[in-house]
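Q: Here it is: the structure, laid out below.
The values are calculated or read from the model by the stated rules, or taken from the named source; none is laboratory data. If you're wondering where the values come from, they're calculated on a predicted model, not measured in any experiment. All Cβ positions, glycine included, derive from the backbone under ideal geometry; neighbour counts span all protein chains shown.
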Amino acid sequence: MEFNDINWEIEEDILCLDLYLNRDYKDKDEIIKLVEILNELNFPKTDLKDFRDVDSVKLKLLNFQNLDNNINDSNILDKNIWDFFNDKKDYLSKISNAIKKSQKDLNKIRREESFDAVFIEGKTLYKMHRIKEKNNKLIERKKEEAIKNNNLSCEICGFNFEKTYGKIGRNFIEFHNTKPISYYGDENSSNYNEEIVLVCSNCHNMLHRQMFNIGIKELKNIVKENKI
């Protein structure tokens with residue numbers, strides 16, 4: 001199996017597009033630096049070392065150059081990443097930096113449960129987002145306050161586990177962290193804003209299911225419009 005035949009992950013595409021749009025993608029040193037980062041990420045399920053090389057990255061950059069020139073002969077992943085990020089250069093840069101900062105946590109992420117949902121930003125930041133949701137002091141305070149006020153219900157659809165399942169559902173609820181995924185590793189930013197929302201399992205999955213993030217208000221409206 002050739003190294004270049006290994007399927008590319010969303011994160012890898014994002015990092016390559018960031019190089020193409022935000023830096024000098026023709027600079028050999030920049031390409032070599034990116035190759036090193038991709039090999040450190042080591043997303044494919046393989047024991048191969050240095051599975052990404054300069055030629056594979058150059059080919060990926062050429063794909064983005066073709067899309068930039070309206071030559072649409074690239075694969076679906078490249079096209080989706082291009083369509084979403086090509087006019088969001090600042091956001092692309094933030095996501096790229098967040099992916100790089102998350103490298104030190106990759107081993108922890110790989111031990112976590114697998115998730116079917118996929119962010120356009122990739123599974124690394126998505127899983128880190130879910131891990132943060134499980135380990136947050138704000139969650140403890142939010143849950144304590146809700147129990148105290150006898151209001152441990154989904155803030156989107158109103159579902160209450162205890163009312164539906166009786167005592168086995170007592171004091172059970174899931175939590176959604178509204179922290180922008182692009183701010184991972186940059187919690188001290190002045191634009192950082194974190195809020196914990198009480199959600200049922202169904203609404204939580206819907207919040208994470210869309211490739212393009214869906215907001216709390218938007219999902220509330222969807223539930224309201226489709227409620228029988």
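Q: Does segment 147-190 hold any residues that are at pLDDT 90 or above and of a type in the set (Gly, Ala, Ser), and which are they?
A: Of everything in segment 147-190, those that are at pLDDT 90 or above and of a type in the set (Gly, Ala, Ser) turn out to be SER153, GLY158, GLY166, GLY169.
Q: At pLDDT 90 or above and surrounded by 15 or more Cβ atoms within 10 Å (Cβ to Cβ), is that true of ASP13?
A: Yes; evaluated as a whole, the condition is true for this residue.
Q: Those residues that are assigned to a strand (DSSP E or B) and polar (S, T, N, Q), I need them from segment 161-178; list them, please.
A: ASN177
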